[in-house]
Structures are given as structure tokens and as C-alpha cells.
1. Could you grab me the full set of residues in region 16-30 that are surrounded by fewer than 13 Cβ atoms within 10 Å (Cβ to Cβ) and closer than 14 Å to residue 90 by Cα?
2. Can you find, within region 24-34, the residue that is nearest to residue 69 (Cα to Cα) among those that are in contact with a helix residue (DSSP H, G or I) (Cβ under 9 Å, 6 or more places away or on another chain) and either free of Cβ contacts under 8 Å to residues at least 40 places away in the same chain or not in a helix (DSSP H, G or I) (or both)?
3. Since residue 80 meets every condition but one in (1) touching a residue at least 40 places away in the same chain (Cβ under 8 Å); (2) loosely packed, with under 11 Cβ neighbours inside 10 Å; (3) closer than 14 Å to residue 15 by Cβ, which condition does it not meet?
4. Under 9 Å by Cβ, and 6 or more places apart or on different chains, what pairs join a residue from region 1-14 that is within 16 Å of residue 65 (Cα to Cα) with one that is part of a loop (DSSP other than H, G, I, E, B) and at pLDDT below 95?
5. With 46, 86, 64 as the choices, which residue is touching a residue at least 40 places away in the same chain (Cβ under 8 Å), out of contact with any strand residue (DSSP E or B) (no Cβ under 8 Å at 6 or more places or on another chain), surrounded by fewer than 16 Cβ atoms within 10 Å (Cβ to Cβ) and assigned to a helix (DSSP H, G or I)?
6. So, of the residues in region 89-103 that are loosely packed, with under 11 Cβ neighbours inside 10 Å and part of a loop (DSSP other than H, G, I, E, B), which turns out to be nearest to the chain's Cα centre (by Cα)?
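The values are calculated or read from the model by the stated rules, or taken from the named source; none is laboratory data. Only a predicted model underlies this, so the values are computations on that prediction, with no experimental measurement involved. Note that each Cβ is placed from the backbone with ideal geometry, even for glycine, and that neighbours are counted across all protein chains shown.
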């Protein structure tokens, strides 16, 4: 699917970067078990959640205004919202920390 609307392109870029940075922070934490990485990760989750919420509101507004591109808008919204369960899963992994005794 070709993305036509610039807001959708930007939202997908932000969602991808948010996912990648969150994954990198999770991996660094699991490897290092550092409280500094944990603090950075918590700060990152707050910043990324705020940014993604603002983008989500913009996407909803765009979907209402440009309803003729409903497939593109819906796909973008789903991909941005998909970061929510991924973030919750990462938080659960950090709280349960299955690798605590291995490193």
C-alpha cells in the first residue's frame, strides 16, 4: 500500500522509531540490569507515550477530515496503536525480569 498523506507517513516514522528505541532500551536493560537504563526507559516511555498520543489525536482528526482515504488512515492508526500492547508487554518483561539470575 502506498502512503499518500504526509501525516500518515510521519506517524509511521514516529511509530517505527518509538518501537525500535523501546526495543533497544529493553535489550540494554536485560543485558546490563542497570538501574540507570531502567530510569532512562521509564522516562522514554513517558515521552514516547505523550508523543504518540498527540500523533494519534492528529490521525483521528485527519481520518475524519480525509475520510476518502479511510484504508490508509485506518492502517496507520492501527500501526500506531499497536505500540501500546508492545509497550505493556515490555513493561511486564522488565517487572518480571526473566533473565535476572542469568546475567
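1. Those that are surrounded by fewer than 13 Cβ atoms within 10 Å (Cβ to Cβ) and closer than 14 Å to residue 90 by Cα: 20, 23, 24, 27.
2. 25
3. (2)
4. 5/66; 7/66
5. Numbers: 46 fails: touching a residue at least 40 places away in the same chain (Cβ under 8 Å); 64 fails: touching a residue at least 40 places away in the same chain (Cβ under 8 Å).
Just a single option satisfies the conditions, and that option is 86.
6. So, considering only residues that are loosely packed, with under 11 Cβ neighbours inside 10 Å and part of a loop (DSSP other than H, G, I, E, B), the one nearest to the chain's Cα centre (by Cα) is 98.
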